[in-house]
Amino acid sequence: MADEVKKRPKIIPKQIPMPEQDPIERGKNFNEVALGFTEEQALAEAQRCLGCLKPPCVRGCPVEVPIKDFIILMQEKDFIGAANKIKEKSMLPAVCGRVCPQEDQCEKVCVVGKKFDPVSIGRLERFVADYERQSGTKSKVEMASSTGKKVAIVGSGPSGVTAAGDLAKMGHNVTIFEALHKPGGVLIYGIPEFRLPKSIVASEIDGLKDMGVEIKTNAVIGKLYTVDELMDDFDAVFIGTGAGLPVFMGIEGENLNGVYSANEFLTRTNLMKAYDFPEFDTPIKIGGRVVVIGGGNVAMDSVRTALRLGAKEASIVYRRSHEELPARAEEVHHAKEEGIKFEMLTGPIKIIDNGEGWVKAIECMRMELVEPDDSGRRRPIPIEGSEFQIDCDIVIMAIGTNANPLVPQSTSDLELNKRGYILASEETGATSRPGIFAGGDIVTGSATVILAMGAGRKAANAIHKYLVGEEDEELSGNGDNPVS
Amino acid sequence: MAKILEKRKVRPDVYFFRLSTPEIAKKAKAGQFIILILHEHGERIPISLADINPEDGSVSIMFMTVGKTSTEMATFEVGDEIADVVGPLGNPSHVKNFGKVVLVGGGFGVAPLYPIAKALKAAGNEIVTVMGARNADLLLYEEEMAATSDKVLVTTDDGSKGIKGVVTLALEDELKAGVDLVLAVGAAIMMKFVAKTTEPYNVKTIVSLNPIMVDGTGMCGACRVSIGGETKFGCTDGPEFDGHLVDWDLLMSRQRMYLKEEKEAMERYSCNCVPIS
Ligand SMILES: Cc1cc2nc3c(=O)[nH]c(=O)nc-3n(C[C@H](O)[C@H](O)[C@H](O)COP(=O)(O)OP(=O)(O)OC[C@H]3O[C@@H](n4cnc5c(N)ncnc54)[C@H](O)[C@@H]3O)c2cc1C
Ligand SMILES: Cc1cc2nc3c(=O)[nH]c(=O)nc-3n(C[C@H](O)[C@H](O)[C@H](O)COP(=O)(O)OP(=O)(O)OC[C@H]3O[C@@H](n4cnc5c(N)ncnc54)[C@H](O)[C@@H]3O)c2cc1C
Ligand code: SF4
Ligand code: SF4
Ligand code: FES
């Protein structure tokens, strides 16, 4: 015992830096910004973990990834074992390692972080997931024997994909219905290539297909079939349609040419590959000066995408201050390195026409922060007489999304909240209709990948119970977490 | 994937396809549209349904070769497959017995009128179809419309067939005789003038708008139109709107958003298409 303690080297106070593409160079391409640890770097970072007896980091993670356990496996160089350990709790480690707001979750409470930099849990997670994928070893998925039950999943974002994977493992016959022509939800149409390579999402989706999940793309539920019709053919339905309705501000000039919702801008670029126009047929306006309204991940993704498309100047306009920026810290840091301008404490009031139906400038007001509002954040109010204009050619609205009404409105007796989101139990995803479950952004409003996955997993467990009943479950010995 | 079951060249620049889409055919209603993607590198383009056949599991479309995608689509042959077809999208036309309905079609707009005419006729309406073109050779879907209408009025700019003049001329005569509903499909400019013509007569006028779209499911907002001063999404709130409330200038301006890029794509496509001799 004493020996072991001695063996542990002194903690390196700083995180092992992850190699990144040069900021100027990467502003011109769509390749991934952060290049990932080498094996040596990963091992060195893993060594920084103390292997706490009661690891607080695990409780910091919304799905309680066994962080300590997987890092210890890493310290023993058992990277495949580490990957399998994470997969007990998270379906998409390669994704979460890249996009989780770790600084607010697992890493926020890491014990090492009290004195030094916290352990880079997300980066380690990314490393083992990438290692596993690149090694070509597919971890064997334990599949229960068929239950003969059919489950329909509406939407192929992180919540739907997680629910589908879990239910397939439990022996159910799963079909995903996806409105777009490619599965993956926001991971495929929203989050850009330079932050989350699409090949990673595709390989996770392939894993689902290997498990026998059928994916029907181009299937808009509410149009091609209603949820009620799905209930005729399936034993249960999970709704994971996300919060896909773009919000506009309702200011003058918002319908001018050159004004995009972030959804449109990112969909054209990521899903339709407009950055490779005319090689790909979907056009997008490029070059010029681009202003992005908002301060979340969506705004950062939009502004950095605009830069990569060749914008002369790309700026964020955000009505609060730096501290309130909801985006992941790493993205803000990267954006600054790349030369993105930040107009903080600034709120747009109208978009100005060049006389031919195109954006010429955006008129803004400076803001100051007063006492906190309902969200607990300090509230911005405009400073009188502070109007000024920013000349620009493109304005991108990244101020949030709402529930897309297609599914809620076409499903009978489905209870919604005031804002049109589906009312569902946080623990089980159960909605007001027996057999219909829901989770992810369509229940919570825009949240995070890992929360959507967590919701998909909880719903899968509840659906399993609903389908096979408690008794059968005991017989098959599956218990509450059949995946582990 | 949707296989092309039938292809017809209706005019040098207009093609008719019948596509094998059993699920969509079962669900689609008059007034709705589909979005299709030709191949891996393709864009998503919306096209109205020109016929719906649940029995043989097909839907038909009629399209004009206006740019790269439509021109490329015209090279597809019977048996070829269109990579992605999604639908039915948009809201179906409101069908009930209105009384006397005048349908106005310009260009390829006559094609989507056909299923609408069928549905309105079945609901007991008296159908008058007004269709126009520059000259007799450019008229489309005449027989089909004749089969579903009580009366067909043809207008040509040069007088080579029917009434010499534009559609609004023939429409005006009908309006004077009394009309309960007007429904117009075609180029924005034509629909704008139809709406202008009916306004003094206070006749409800439905138009089917065609703003630029991406997803067609309410996710992107590319299809924003202004109706009575309120922003609506063409794909999920429409495509049909009250013609008297539409901000036509905005629609036409937004349709031109990618003019430069569309031209570039077309030029590049034409170059690649012509073999070097
Ligand atoms: C640009 C952007 C960047 C983001 N960055 C981060 C980040 O860095 N970290 C993080 O944790 N979170 C991030 N998020 C948030 C995160 O992506 C979402 O919270 C998460 O994807 C929600 O998952 P979901 O499964 O609920 O829905 P979604 O991912 O939205 O997927 C819903 C799917 O359902 C489909 N669908 C919708 N309607 C229908 C219908 N009627 N019929 C069939 N299919 C339908 C949609 O096409 C879509 O594929 C970001 C979001 C965006 C937009
Ligand atoms: C609801 C709806 C129904 C339609 N029905 C038909 C139809 O039945 N027959 C038909 O020939 N055309 C129809 N259109 C128009 C058709 O979508 C465009 O002609 C097509 O996208 C042109 O593509 P292109 O590459 O050949 O031409 P482009 O060179 O790309 O464009 C030519 C014109 O088409 C319009 N356009 C381009 N891309 C889009 C897009 N993604 N969405 C909408 N418009 C676009 C532009 O305004 C442009 O002026 C419809 C459009 C809508 C929105
Ligand atoms: S899933 Fe996200 S929050 Fe959980 S451990 Fe991994 S990076 Fe941290
Ligand atoms: S809290 Fe930090 S040091 Fe402790 S087990 Fe978790 S990652 Fe390791
Ligand atoms: S086409 Fe995207 S919202 Fe209508």
Single condition A:Leu73 does not satisfy, out of (1) over 20 Å from A:Pro197 (Cβ atoms); (2) within 13 Å of ligand 4 (Cβ to nearest atom); (3) out of contact with any Gly (no Cβ under 6 Å at 6 or more places or on another chain)
(3)
Test B:Gly234 against the stated conditions and say whether it is within 15 Å of ligand 5 (Cβ to nearest atom) and not aliphatic (A, V, I, L, M).
yes
Would you check which residues across segment A:275-306 are within 11 Å of chain B (Cβ to nearest Cβ), crowded, with 24+ Cβ neighbours inside 10 Å and under 17 Å from A:Gly190 (Cα atoms) and list them?
A:Thr282
Any hit, segment B:89-98, residues being within 16 Å of ligand 2 (Cβ to nearest atom) and charged (D, E, K, R):
no
Being touching a residue at least 24 places away in the same chain (Cβ under 8 Å) and either among the charged types (D, E, K, R) or on the phi > 0 side of the Ramachandran plot (or both) is the filter here, so list the residues in segment A:278-317 that pass it.
A:Lys285, A:Gly287, A:Gly288, A:Arg289, A:Gly294, A:Asp301, A:Arg304, A:Arg308, A:Gly310, A:Lys312, A:Glu313
How many residues does segment A:82-109 hold that are away from ligand 4 (no atom under 14 Å from the Cβ), of a type in the set (A, V, I, L, M, F, W, C) and assigned to a helix (DSSP H, G or I)?
5
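Quick grid of which residues meet (1) within 14 Å of chain A (Cβ to nearest Cβ); (2) surrounded by fewer than 24 Cβ atoms within 10 Å (Cβ to Cβ); (3) assigned to a strand (DSSP E or B); (4) of a type in the set (Asp, Glu):
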site: B:Ser70; (1), (2), (3), (4): yes, yes, no, no
site: B:Glu77; (1), (2), (3), (4): no, yes, no, yes
site: B:Gly87; (1), (2), (3), (4): yes, no, yes, no
site: B:Pro92; (1), (2), (3), (4): yes, yes, no, no
site: B:Val95; (1), (2), (3), (4): no, yes, no, no
site: B:Phe108; (1), (2), (3), (4): no, no, no, no
site: B:Ala111; (1), (2), (3), (4): no, no, no, no
site: B:Pro115; (1), (2), (3), (4): no, no, no, no
Any residue in segment B:249-257 that is touching an Asp or Glu at 6+ places or on another chain (Cβ under 6 Å) and of a type in the set (S, T, N, Q)?
no
Qualifying residues in segment B:27-52 (those that are in a strand (DSSP E or B) and of a type outside the set (A, V, I, L, M, F, W, C)) - the one farthest from the other protein chains (Cβ to nearest Cβ)
B:Asp51
State which residue is farthest from B:Thr198 (Cα to Cα) when the search covers only segment B:219-261 and only residues that are among the hydrophobic types (A, V, I, L, M, F, W, C), more than 16 Å from ligand 1 (Cβ to nearest atom) and assigned to a strand (DSSP E or B).
B:Val225
Can you pull out every residue in segment B:141-158 that is out of contact with any helix residue (DSSP H, G or I) (no Cβ under 9 Å at 6 or more places or on another chain) and in a loop (DSSP other than H, G, I, E, B)?
B:Asp157
Go through the residues of segment A:195-215 one by one and say whether even a single one is among the polar types (S, T, N, Q) and part of a loop (DSSP other than H, G, I, E, B).
no
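Here's the yes/no breakdown for (1) crowded, with 22+ Cβ neighbours inside 10 Å; (2) under 26 Å from A:Val449 (Cα atoms):
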position: A:Arg320; (1), (2): no, yes
position: A:Glu330; (1), (2): no, yes
position: A:Lys336; (1), (2): no, yes
position: A:Lys341; (1), (2): no, no
position: A:Gly357; (1), (2): no, no
position: A:Gly376; (1), (2): no, yes
position: A:Ile399; (1), (2): no, yes
position: A:Thr411; (1), (2): yes, yes
Unmet criterion (only one of (1) within 13 Å of ligand 3 (Cβ to nearest atom); (2) surrounded by 15 or more Cβ atoms within 10 Å (Cβ to Cβ)) for A:Arg59:
(2)
Within the bounds of segment A:338-359, is there any residue that is closer than 25 Å to A:Asn255 by Cα and assigned to a helix (DSSP H, G or I)?
no
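If only one of B:Thr155, B:Thr148 is crowded, with 18+ Cβ neighbours inside 10 Å, in contact with a strand residue (DSSP E or B) (Cβ under 6 Å, 6 or more places away or on another chain) and modelled with pLDDT under 95, which one is it?
The match here is B:Thr155.
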When you scan segment A:34-53, do you find a residue that is surrounded by fewer than 23 Cβ atoms within 10 Å (Cβ to Cβ), within 26 Å of A:Ile188 (Cβ to Cβ) and among the polar types (S, T, N, Q), even just one?
no
Members of segment A:234-256 that are within 11 Å of chain B (Cβ to nearest Cβ) and either more than 25 Å from B:Glu230 (Cβ to Cβ) or buried (at least 22 other Cβ atoms within 10 Å of the Cβ) (or both)
A:Thr241, A:Gly242, A:Ala243, A:Gly244, A:Leu245, A:Pro246
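The values are calculated or read from the model by the stated rules, or taken from the named source; none is laboratory data. Treat the numbers as computed from the prediction; the structure is a model and nothing was measured. Counting neighbours? That spans all protein chains shown, and the Cβs are built from the backbone with ideal geometry, glycine included.
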